[in-house]
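Engineer: What follows is a structure written as structure tokens; I'll ask about it next.
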Amino acid sequence: AMDILFRTDESVLADTTGDRLAGLGRTVADMSDVQVQLDGFADERGDETYNHQLSEQRVAFVRDQLIAAGIHPSRIRTTAHGESPAQDESVDSYALERRVSLTLYIDDAHSVAQIVD
């Protein structure tokens, strides 16, 4: 699992972060049993509706980058959560809430073993 952080009011990544995400996507694309869960968030400042839309845009951006890197769309699940409350009202705390959390997992439902007596 990892968090991909965004600047205030932005839903795209800087080139260097985007390049690293693309590299991760190319690696994961070759691991057909690995699934991806993306959870998008915005900090709590601003309008609740706008923040939910922003979290949707962030998660869609990361999803599109992973698809462009070769991960099949059926392997990616997304959820936009909207606002995420910061621990305090500091700039650093708000920065940690502007994110897409990326989790890699293996879907055990596709690898069920059957025992026969």
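The values are calculated or read from the model by the stated rules, or taken from the named source; none is laboratory data. From a predicted model like this one, the values you see are computed outputs, not experimental measurements. Cβ: placed from backbone, ideal geometry, glycine included. Neighbour counts: every protein chain shown. Only protein heavy atoms, including side chains, enter the accessible area calculation; ligands, DNA and RNA are left aside. Shrake-Rupley method; radii C 1.70, N 1.55, O 1.52, S 1.80 Å.
Engineer: Taking the conditions exactly as written (assigned to a loop (DSSP other than H, G, I, E, B) and closer than 19 Å to F6 by Cβ), does A22 satisfy them or not?
Structural biologist: no
Engineer: So, one more: Can you give me the number of residues within the stretch 27-84 that are over 14 Å from the mean Cα position of the chain (by Cα), part of a loop (DSSP other than H, G, I, E, B) and among the hydrophobic types (A, V, I, L, M, F, W, C)?
Structural biologist: Result for the stretch 27-84: 2.
Engineer: Taking the stretch 1-57 as the search range and keeping residues that are of a type in the set (K, R) and in contact (Cβ under 8 Å) with a residue 24 or more places away in the chain, which one is farthest from S74 (Cα to Cα)? Lay out the reasoning, then the answer.
Structural biologist: First pass over the stretch 1-57, keeping only residues of a type in the set (K, R): 7, 20, 26, 45.
Filter once more, so that each one left must be in contact (Cβ under 8 Å) with a residue 24 or more places away in the chain: 7, 26, 45.
Values: R7: 28, R26: 16, R45: 33 Å.
Taking the candidates together, the pick is R45.
Engineer: Another question about this same structure. Across the stretch 37-51, which residue is nearest to D88 (Cα to Cα) among those that are in contact with a strand residue (DSSP E or B) (Cβ under 7 Å, 6 or more places away or on another chain) and surrounded by fewer than 17 Cβ atoms within 10 Å (Cβ to Cβ)?
Structural biologist: Here the answer is E44.
Engineer: Among residues belonging to the stretch 52-90 that are of a type in the set (K, R) and under 15 Å from L13 (Cα atoms), point out the one that is most open to solvent (accessible area, probe 1.4 Å).
Structural biologist: Here the answer is R63.
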